[in-house]
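All remarks here apply to the structure that follows.
Where a number appears in this text, it was derived from the coordinates with a stated rule and is not lab data. Remember, predicted model here, so these are calculated numbers, not experimental data. Cβ atoms come from the backbone with ideal geometry, glycine included; neighbour counts cover every protein chain shown.
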Amino acid sequence: MANDELIEALRDADAVQFGEFELSHGGTSEYYVDKYLFETDPHCLRLIAEAFAERLDSETLAGVALGAVPLVAVTSVETDTPYVIARKQAKEYGTGNRIEGRLTEGEEVVVLEDIATTGTSALDAVEALREAGAIVNRVLVVVDRQEGARERLADADVELDALVTADELLEDAS
């Protein structure tokens, strides 16, 4: 069931745009969901944190750098749950960590992500967390564009749980 209040907030923040857009995976789309517009809007952030909180158990949170860091931070505050940040690749300076924050072997972690299209960045985060010893079985995403992420993650034994799907977000909008 769609979160109507969240959909309205995403639209009100002008995060859903129509035109011709190139996507990060190289494809094109007639619509674009601008994560920076909803991730910098306090009302959207509050709704997202509350919705994520309702779907969490006692897992540690992980956010995909850079896009999901605001989401994981507000959800951490909302739930009083620690979080880590998963980088696409290890830093070449400082500690050189790919996972930032405290993570112990065998810890259950849920990955928070902004938008899932093909699922590549979420899967990269899952793999990095698993390599660090975490147990990761689920990714929570704000918007599932329904372009293969669910299937790609399922192939890695990871469930994709979306607050909103593209079909729900685009229904009666344009």
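A few comments on the model shown:
- Ordering of 4-12, 161-169 by burial proxy (mean other Cβ atoms within 10 Å per residue, highest first): 161-169, 4-12
- Potential lengthening between Thr120 and Glu108 on full extension [0.36 nm per residue; Cα-Cα distance subtracted]: 2.2 nm
- Burial ranking of peptide ranges 99-107, 142-150 (average Cβ count within 10 Å, highest at the top): 142-150, 99-107
- DSSP beta bridge pairing in the chain, given as percent antiparallel to the nearest 5: 25
- On full extension, the segment bounded by Asp80 and Asp161 gains 27.1 nm, given 0.36 nm per residue less the C-alpha separation.
- The protection proxy used here, the mean number of other Cβ atoms lying within 10 Å of each residue, ranks peptides 76-89, 19-32 as follows, highest first: 76-89, 19-32.
- Nearest-0.05 FRET efficiency for His43 and Gln89, computed from C-beta distance (R0 30 Å): 0.35
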